[in-house]
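What follows is a single structure, written as structure tokens, with notes after it.
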Amino acid sequence: LTEVYSSSPALGRYFRSAQVTSFSNESSTVIYQLVFSVPPSTEGFMENNMNPDFIRNILRQNIYDED
């Protein structure tokens, strides 16, 4: 995840770290905490760039690009 987000043209300059916060062997579930350092609020920045769907889509695109 660190490589994905730090190399992202959209989020790379804001990305600081990724850390595993929970892991389950039973269900193969991992919960990560992503840390971003964002500029002072500008119109639409948090709604667009820091939107959870947008952040997930960066990861999805990276997975599709690797195939």
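Listed values, structure above:
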{"read-out": "Output for region 31-42, where each listed residue is open to solvent by 80 Å² or more (accessible area, probe 1.4 Å) and in contact with a Phe, Trp or Tyr (Cβ under 8 Å, 6 or more places away or on another chain)", "value": "Ile31"}
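Yes/no matrix, rows are residues, columns are (1) open to solvent by 80 Å² or more (accessible area, probe 1.4 Å); (2) of a type in the set (Gly, Ala, Ser); (3) in contact (Cβ under 8 Å) with a residue 12 or more places away in the chain:
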| position | (1), (2), (3) |
| --- | --- |
| Thr2 | no, no, yes |
| Ala10 | no, yes, yes |
| Phe23 | yes, no, no |
| Gly44 | no, yes, no |
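The values are calculated or read from the model by the stated rules, or taken from the named source; none is laboratory data. What you are looking at is a predicted structure, and each value in this text was computed from that prediction instead of being measured. Here the Cβ is made from the backbone with ideal geometry for all residues, glycine too, and neighbour counts use every protein chain on show. Please note that ligands, DNA and RNA were not included when accessible areas were found on the heavy atoms of the full protein model with its side chains. Shrake-Rupley method; radii C 1.70, N 1.55, O 1.52, S 1.80 Å.
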